Amino acid sequence: MQKKIVFILFLLRFGTILGQNTPPLSKADSLLKEIEHLQIAQTDFYDKGKFATLRGKHRRDDNTLFFSSLIGFTLQGLRNDMPKASQVEIDSILIRVVRNYPSYKNKTGIATYNFWKTNPAMCFPHSPYLSKRNKYHVPDDADCTALVYLTDTSIQHANWLKEKLSKHANLSANKIKSTYRKCRNLSAYSTWFGKNMPIEFDICVQSNVLYWVCENKLPFNKNDSATVQLIKEMVLSGRYLRDAGFVSPSYKKPSIVLYHLARLLGKFDIAELSLCKERIKGAIENELTKKNSLMEKVILSTALIRMGGHPAELQRSVKIDKELNDFVFFEADLFSAYARPCLKFISNQHWFSIPFRCKAYHLALLMEYEVLKTKP
């Protein structure tokens, strides 16, 4: 009996020593574990590997591709700055995300991707009205497709996608109406691939497409150059902040527009946008002085770090759970493709917008901030 007691005391002492030698989890590591915990493990409405998304004011469950691929893209960008064990976790999360991509591929088999499932079709799930009306079924889009190509390294269709994007760019077959008159002759990329869908500009979507182009070191064509020219015009004129809901109908907020531009320009040197960098950096610093929500401050601080700035340390709100649940990063705007400059106030008011929320992605944004702020 005495030997057993001695042995137990030895284990307790040895375990304590081991615990002292094991470094505590960083904030970023803890957030990663929360994200992994939120990844769907069993098939129900959501497929395995997806992340729950809530749509609209009634917060209906929505099985969209968008946030899962965006989480994968965000974690992928942080991977090399994480410890080995966390890198393994990120790889595991990404593998499970990518397995779902075939369900969102164009129903004809071509390599573009949809916001909602195409196989089987599931548009506006849990909406008895919108889901049954074909006019509300959206075509494949450049945003989701770019995110899929950025996170699935097995896809070998870069040149094909570049041509596909050009075929649906402004002036290729149709001409945009929902932008400023001086921008209507720019052959910039459109959000949509559909034949019957009006041309639509969104500088956040276009930033993601240019990110994919630059990441793959693809040579610029006239559409890339026109897209860069469009972004330059929006920044230097100040419209990207003043009319954020009009120039980025899917993202709406100045803070989110700045986040996208900083993510692009913080990594890639695009000569034509060099004049914009200081403007964007100054705008981020100015936005941070305003009374934004915690999540807006998080993405603005991340954007400032990417632009070479040094934001003040953020303090987590006591209402962090509410912030994580309520923040809106992406909105579907039912009016945007038909908007006109004289009606841009409608876009800025969110009257025809459907908000989407994804707690796991908001945790990924927090994690991104935690990683980047400690990066040498």
inquiry  = Using a Gaussian network model on the chain with a 10 Å cutoff between Cα atoms, which of 360, 121, 111 fluctuates the most?
reply    = 121
task = Might you report the magnitude of the Cβ-based charge dipole of the range 53-373 about its Cα centre, with Lys and Arg at +1 and Asp and Glu at -1, to the nearest 20 debye?
result = 940
inquiry  = Let's test the formula: R0 of 35 Å, r as the Cβ-Cβ distance of residue 166 and residue 79. What FRET efficiency results, to the nearest 0.05?
reply    = 0.65
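Net charge near residue 82: determine it from the other residues with C-beta under 9 Å of the C-beta of residue 82, scoring Lys and Arg +1 and Asp and Glu -1. Spell out each step's value before the answer.
Working: positive: 79, 84; negative: 29, 81, 89.
So the environment of residue 82 carries a net charge of -1.
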inquiry  = Using the Cα centre of the range 146-267 as origin and beta-carbon charges of +1 (Lys, Arg) and -1 (Asp, Glu), tell me which of 256, 226, 155 is placed farthest towards the positive end of the dipole.
reply    = 226
key: Top of 271, 303, 169 by mean-square fluctuation, Gaussian network on the chain, Cα under 10 Å   = 271
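Within a Cβ distance under 15 Å of residue 220, other residues only, what is the Lys/Arg minus Asp/Glu net charge?
On the way: positive: 162, 217, 222, 232; negative: 163, 215, 224, 269, 272.
Residues close to residue 220 contribute a combined charge of -1.
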task = Quick one: angle between helix 359-373 and the longest Cα principal axis of the chain, in degrees between 0 and 90, rounded to 10, please.
result = 80
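What GluC sites (Glu not before Pro) does the range 257-335 have in DSSP loop regions with at most 11 other beta carbons within 10 Å? List each step's numbers first, then the result.
Details: sites: 272, 278, 285, 287, 296, 313, 323, 331; in loops: 313.
In loop regions of the range 257-335 (DSSP not H, G, I, E or B), the sparsely surrounded GluC sites (Glu not before Pro) are 313.
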Percent breakdown of C-alpha pair distances by 10 Å bin, ordered from the shortest bin, for the range 206-302 = 15, 51, 29, 5, 0
key: residue 158 paired with residue 352, simple spin-label distance in nm, labels 7 Å along Cα-to-beta-carbon   = 3.8
message = Please check: in the Gaussian network model of the chain (C-alpha springs, under 10 Å), which one of 217, 107, 175 has the largest mean-square fluctuation.
response = 217
task = Pop out the ³J(HN,Hα) list for the range 109-116 in order, Karplus 6.51 cos²θ - 1.76 cosθ + 1.60 with θ = phi - 60°, rounded to Hz; leave Gly and Pro as x.
result = x, 6, 8, 10, 10, 10, 4, 10
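Given the chain, report the % of alpha carbon pairs whose separation exceeds 33 Å. Write out the running numbers ahead of the final one.
Details: 21332 of 70500 pairs.
Result for the distance tail: 30 percent.
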ask   = Reachable lysines from residue 164, Cα under 26 Å, same-chain residues fewer than 8 places away excluded?
value = 105, 107, 117, 135, 175, 177, 182, 195, 217, 222, 232, 267
request  = As a check on your grasp of the helix formula, calculate [θ] at 222 nm for the chain: sum -39500 (n - 2.57) over DSSP H runs of n ≥ 4, divide by the residue count, round to the nearest 500.
outcome  = -15000 deg cm²/dmol
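What is the sum of charges, Lys and Arg at +1 and Asp and Glu at -1, for the other residues whose Cβ falls under 10 Å from the Cβ of residue 72? Don't skip to the end; give the middle numbers.
On the way: positive: 96; negative: 152.
Charge balance in the 10 Å sphere: 0.
Throughout, read-outs are computed from the coordinates displayed, never taken from laboratory work. If you're wondering where the values come from, they're calculated on a predicted model, not measured in any experiment. Backbone-built Cβ (ideal geometry, glycine too); neighbour counts: all protein chains shown.
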